[in-house]
Every structure is written in structure tokens, then in C-alpha cells.
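Trainee: Take this structure, written in C-alpha cells, and hold onto it; I'll ask about it next.
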Amino acid sequence: MSIFGSMKTAVSGMNAQANKLSTVSDNIANVNTTAYKSATASFSSLILPSGGGNYNSGSVETNVSYSVSQQGDAISTSSGTDLSIRGAGFFVVQGADGSTVLTRAGDFTPDANGNLVNSAGYTLMGYSYASGAPAVVVNGFDGLVPINVNQSGLANSPSTSGSFTGNLNSGATVVTASATVALPSTGYTGTGGTGSTPPVTTDTQKSSVVAYDKLGNTVMYDIYYTKTQAADITATPPTTDQWQVAVYRNADANTSGSGSSFPYSSAPVASSTLKFDASGNMTSGGTFTITDPKTAGSIAMDLSKMTQKAAAFASTGSTNGQAAAAVTGVTIDKNGVVYANYAKGDPRAIYQIPLATVASPDKLTLMSGNVYQANADSGVTVTSFANSNGLGYIQSNSLEASNVDLAGQLTDMIQAQKSYTANSKVFQTGSDLLDVLVNLQR
């Protein structure tokens, strides 16, 4: 047995325990670091060949690994731009040097330019909706841009489609145009119009819908329903129930105080004939287009879900589009879609945040700033959207906590301390034996 060998073995043991204490120190120091993944020191033995009745002591090697795939607890916050990933995946972020890396630390706040940046200075990347719904690049980071929440100025979108659902009373009185009675479709002044007042009674039903023009102005349309034909199965050929639909600009309605909107000062912007079968289901005429010459816009309307049953008239509907309004803030949903919220109108998608993953997350290369980089051991980066391809979902107003078990770290620290002390005793004993050997010549 070599005394020097036993001392070197003791030194390797002290180094190994010092490495373990270093990981414990890192873990305890980062116990409150957002999405920090704990480090673990594992040991493996190095055996030296022995022979001739002599034993050569080996040494111990240290391997440090990180529990990247172990998810930390979720912590609720008051900021809508604080994000956590519940499940697999990483945010794609960009450093100040332009390098693209991965992280789970989602404590993002807008910087001076409105870009979302976390506490380590990394900018959140995503796909823009500027050219429509984005498509993810699965094997790279092409097309990613900084997520910017500083949406200044006014925004609007014109109405292009709308729909109505409801019921037309099957028992309604059939209205026939005559010299004294005009249908709504002819209740306007000017060429082709009678200018007379059609019967706006229970025989003609009315509903209205709000739409938006290209400048973001609000435009209201009045929609009239009038039964013009009752079904007659004895006729040759048999007839069906028919209703006339006429649509006018509300702004062109009569304002004389007669109690009726007729006559309108302009022609209808749309008309159609609805036909119903014996069961009260629509068979034709349920789709038409509002063409408004004053706004140079067109709106595709869908009334195909209207029915004709023995019940009171009912009608509800809406159009898409948005009035001119300022952005009041942003929200981020579970799929990573970033919406701009407006003082008026519906939210509008402006970005989508992708998530990335690798085959072996625990093998990723850890870098300063709580970020990771793919390598040959971890596998290549695959990018997709949240809630797809095995990835988790994104939770706003939430941060992922460190996965450090503080009680376990304190236990490891005590064990490492005791082991270090024991190794030092082996070294000290070897030193004492060398003193005996040196003193033999005295």
C-alpha cells in the first residue's frame, strides 16, 4: 500500500465533497430564483490496478447534473406579463449579443421600447400576426421577433361578415304589395322607390346590427322581415313560406317624427328572399351581402340558422370588425397568443409565443442568466406552439418557483461536511505515517 496513494485518495475525496458543498451553496443561494433548477453532485469511483500483494487506492470523480425536467411550483403574481410553463417546454429568448437560448424564467416586464425582457436581460421571442396567423418553424428560430407590448396609436378593422339567429313567426300575416301598401324593399325615396310608408306592424319585424367601416366609424343597419307568401301544398307546383328581407342604413331613416323609419332617403343596401320548408327550416336565401355605397364596404351576412316556427319573433346577431380605439393593455392566453385589448371592440391577436424542447432537457448546457443551450447530449431543439406536440401550456399572472428542496440541501450540507472531515482525517493519518517513516533515520 502506498502512503502517498492514500493521501491522494483523501485529497480527491475532499475535492469531491467540496464540489458537493458548492452545489449545495448554489442551490441555497438560488432558492428564490425564478425557475432555477437545482444542481446535484454525484460520485463515481476511479479504480487503479493492484497486484503483488499491494493495494493501490484510487480516487473519486464528481459529476454535476441539473434537474431541468423537474418542474417547480407555480406562484401567483399580479402582472399579466409574468408567465410560467405548466408542463414541458422552454421560452425562446434572445440575449443582448443576439444569441438565441432557452429559459423557464418568465418574469417578463416591458423595457423602454416595449419589448418583454426578464430579470436576466433576455428578450422574449415570438411570431407576429402582422401577415395573418403565424406558422411555427419546427427546426429553427427563423421568423421570431421580440414580443412588443407597446401598441401605440389607434387601431380598427372594418366589418366583413355577420350573422343572425332567431325565429320568424309562422303565423305572421302575409303582406301583398298594392297601390296603398308598399313592402320594405320599396320604402325609400328616389328612383325605384315609392316613398310611401310600409306597414311597420306585427306583420313586419325589425332588428338592427352595428358594423364598422374602413375608418372605424360605427354604422348601424336596420333589417326588416316581411312575410310575402304562405305555403300552399295544393298549388301546382306547391309553394313554400317566403319572407322578404330588406336592409337599410339607419342613418338614412325618416326623422320627421311620424313614428316610422320610412321612407328612407336611400335604397336598401341588401335584400333577399328566405324560403322555409314544412318543418320551418330555411331552404334558401339565408346568405346575402350588404353592399354599402357610402362606405365602399361589403359585409357577408349569414341568416341560414333562422327558423320559422309557431313562436314569437326573435332575432340576435352581430358583425365582426372593430371601431377605432386605443390599446388599453395586453393579455396572453394558454396557447401563448398575445392579444391587444382596446377601449372599444374585441381583443386582437398580435403575437404568438412558441415553446421549444429537446429530447433530454437534463443534458442541456446551463449558462449564466438561468438560460440553457442545446448540445449533442441534449439533442436538437424542436419548436412548436403551447398545448401541442406534448408541450405544456402558458399561464399568465404566474411564475415558476425554484425546485430546490431547502431541507434536503441542509441535510446534504451536513453529510458533505462530515465526509470532508473524515477524508481530512485520512490525509492527516497518512501525514503522520510519513513522519514516522522520516524519523526512522534519526
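Trainee: I need a count of the residues in the range 89-110 that are in a loop (DSSP other than H, G, I, E, B) and more than 17 Å from Ser38 (Cα to Cα).
Mentor: Taking the range 89-110 and keeping what is in a loop (DSSP other than H, G, I, E, B), we get 89, 95-99, 104-106, 108.
Now narrow it down to the ones that are more than 17 Å from Ser38 (Cα to Cα): 89, 95-99, 106, 108.
Qualifying residue count, the range 89-110: 8.
Trainee: Then there's this: Just to be sure, is Tyr351 over 30 Å from Leu154 (Cβ atoms) and part of a strand (DSSP E or B)?
Mentor: Numbers: over 30 Å from Leu154 (Cβ atoms): no; part of a strand (DSSP E or B): yes.
No: the conditions fail for Tyr351.
Trainee: From the residues in the range 65-88 that are of a type in the set (A, V, I, L, M) and within 20 Å of the chain's Cα centre (by Cα), which one is farthest from Thr34 (Cα to Cα)?
Mentor: Let us first name the residues in the range 65-88 that are of a type in the set (A, V, I, L, M), namely 68, 74-75, 83, 85, 88.
Now drop any that are not within 20 Å of the chain's Cα centre (by Cα), which leaves 74-75, 83, 85, 88.
On the way: Ala74: 10, Ile75: 10, Leu83: 11, Ile85: 12, Ala88: 16 Å.
Among residues in the range 65-88 that are of a type in the set (A, V, I, L, M) and within 20 Å of the chain's Cα centre (by Cα), the one farthest from Thr34 (Cα to Cα) is Ala88.
Trainee: Quick one: in the range 121-134, which of the residues that are more than 14 Å from the chain's Cα centre (by Cα) and either at pLDDT below 95 or not aromatic (Phe, Trp, Tyr) (or both) is surrounded by the most Cβ atoms within 10 Å (Cβ to Cβ)? Give the steps one after another, and end with the answer.
Mentor: Of the range 121-134, the ones more than 14 Å from the chain's Cα centre (by Cα) are 121-123, 130-132.
Checking which are either at pLDDT below 95 or not aromatic (Phe, Trp, Tyr) (or both) leaves us with 121, 123, 130-132.
Details: Gly121: 11, Thr123: 21, Ala130: 9, Ser131: 7, Gly132: 8.
The residue in question is Thr123.
Trainee: For the range 63-87: of the residues being in a loop (DSSP other than H, G, I, E, B) and in contact with a helix residue (DSSP H, G or I) (Cβ under 8 Å, 6 or more places away or on another chain), which is surrounded by the fewest Cβ atoms within 10 Å (Cβ to Cβ)?
Mentor: If we filter the range 63-87 for residues that are in a loop (DSSP other than H, G, I, E, B), which is where we start, we get 67-73, 77-81, 87.
This time we only want the ones that are in contact with a helix residue (DSSP H, G or I) (Cβ under 8 Å, 6 or more places away or on another chain), so: 67-69.
Values: Ser67: 16, Val68: 22, Ser69: 13.
The residue in question is Ser69.
Trainee: Take the range 1-45 and flag every residue that is hydrophobic (A, V, I, L, M, F, W, C) and not in a helix (DSSP H, G or I). Explain how you work it out, then say what you get.
Mentor: Quick first cut of the range 1-45, residues hydrophobic (A, V, I, L, M, F, W, C) only: 1, 3-4, 7, 10-11, 14, 16, 18, 21, 24, 28-29, 31, 35, 39, 41, 43.
Hits for the range 1-45 are Met1, Val31, Ala35, Ala39, Ala41, Phe43.
Trainee: Just the residues that are touching a helix residue (DSSP H, G or I) at 6+ places or on another chain (Cβ under 7 Å) and under 25 Å from Ala105 (Cβ atoms), please, taken from the range 1-32.
Mentor: Within the range 1-32, Val24, Asn27, Ile28, Val31 qualify.
Trainee: Tell me, please, whether a residue that is touching a residue at least 40 places away in the same chain (Cβ under 8 Å), over 20 Å from Asn167 (Cα atoms), surrounded by fewer than 21 Cβ atoms within 10 Å (Cβ to Cβ) and of a type outside the set (D, E, K, R) can be found in the range 196-206.
Mentor: Among the residues of the range 196-206, at least one is touching a residue at least 40 places away in the same chain (Cβ under 8 Å), over 20 Å from Asn167 (Cα atoms), surrounded by fewer than 21 Cβ atoms within 10 Å (Cβ to Cβ) and of a type outside the set (D, E, K, R), which makes the answer yes.
Trainee: Does the range 20-64 hold any residues that are of a type in the set (Ser, Thr, Tyr) and more than 32 Å from the chain's Cα centre (by Cα), and which are they? First the steps, then the outcome.
Mentor: At the first step, the residues of the range 20-64 found to be of a type in the set (Ser, Thr, Tyr) are 22-23, 25, 33-34, 36, 38, 40, 42, 44-45, 50, 55, 57, 59, 62.
Across the range 20-64, the qualifying residues are Ser22, Thr23, Ser25, Thr40, Ser42, Ser44, Ser45, Ser50, Tyr55, Ser57, Ser59, Thr62.
Trainee: Continuing with the same structure: Of the numbered conditions (1) more than 15 Å from Val64 (Cα to Cα); (2) in contact with an Asp or Glu (Cβ under 7 Å, 6 or more places away or on another chain); (3) of a type in the set (Ser, Thr, Tyr), Thr33 satisfies every one except a single condition; which is it?
Mentor: (2)
Trainee: Among (1) β-branched (Val, Ile, Thr); (2) surrounded by 14 or more Cβ atoms within 10 Å (Cβ to Cβ); (3) free of Cβ contacts under 8 Å to residues at least 60 places away in the same chain, where does Thr328 come up short?
Mentor: (2)
Trainee: Failed condition for Phe288, given (1) touching a Ser or Thr at 6+ places or on another chain (Cβ under 7 Å); (2) over 18 Å from Lys227 (Cβ atoms); (3) of a type outside the set (Gly, Ala, Ser); (4) buried (at least 18 other Cβ atoms within 10 Å of the Cβ), with all others met?
Mentor: (2)
Trainee: Do we have Ala251 as among the aliphatic types (A, V, I, L, M), outside any loop (DSSP other than H, G, I, E, B), in the same structural domain as Gly216 (by the TED database) and surrounded by fewer than 19 Cβ atoms within 10 Å (Cβ to Cβ) here?
Mentor: Values: among the aliphatic types (A, V, I, L, M): yes; outside any loop (DSSP other than H, G, I, E, B): yes; in the same structural domain as Gly216 (by the TED database): yes; surrounded by fewer than 19 Cβ atoms within 10 Å (Cβ to Cβ): yes.
The answer is yes for Ala251.
Trainee: Using beta carbons and a limit of 7 Å, which pairs, at least six apart or on different chains, have the first residue in the range 20-41 and farther than 18 Å from Ala401 by Cα and not assigned by the TED database to the domain that holds Phe108 and the second one among the aliphatic types (A, V, I, L, M) and assigned to a helix (DSSP H, G or I)?
Mentor: Every condition considered, the pairs that remain are Lys20/Ala416; Leu21/Met413; Leu21/Ala416.
Trainee: Moving to a separate point now. Of the residues in the range 241-260, how many are under 22 Å from Val174 (Cβ atoms) and modelled with pLDDT under 90?
Mentor: The total comes to 1.
Results for (1) closer than 21 Å to Gly126 by Cβ; (2) in contact with a His (Cβ under 9 Å, 6 or more places away or on another chain); (3) touching a residue at least 12 places away in the same chain (Cβ under 8 Å), shown as yes or no for each residue.
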residue	(1), (2), (3)
Ser65	no, no, yes
Asp73	no, no, yes
Thr81	yes, no, yes
Phe91	yes, no, yes
Gly98	yes, no, no
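Trainee: Give the residue, chosen from Thr173, Thr180, that is within 30 Å of Ser304 (Cβ to Cβ) and surrounded by fewer than 15 Cβ atoms within 10 Å (Cβ to Cβ). Working first, answer last.
Mentor: Values: Thr180 fails: within 30 Å of Ser304 (Cβ to Cβ).
Checking each option against the conditions leaves just Thr173.
Trainee: Return the residues of the range 320-356 that are small (Gly, Ala, Ser) and touching a Gly at 6+ places or on another chain (Cβ under 6 Å); say none if nothing qualifies.
Mentor: Within the range 320-356, the first condition is being small (Gly, Ala, Ser), and the residues that meet it are 321, 323-326, 329, 336, 340, 343, 345, 349, 356.
The answer is Ala323, Ala324, Ala325.
Trainee: If the requirement is being in the same structural domain as Ala177 (by the TED database), surrounded by 14 or more Cβ atoms within 10 Å (Cβ to Cβ) and farther than 18 Å from Phe313 by Cα, which of these qualifies: Ala246, Ala267?
Mentor: Details: Ala246 fails: farther than 18 Å from Phe313 by Cα.
Only one candidate qualifies: Ala267.
The values are calculated or read from the model by the stated rules, or taken from the named source; none is laboratory data. Quick caveat: nothing in here was measured; it's all calculated off a predicted structure. So basically every Cβ, Gly included, is an ideal-geometry build from the backbone, and we count neighbours across all protein chains shown.
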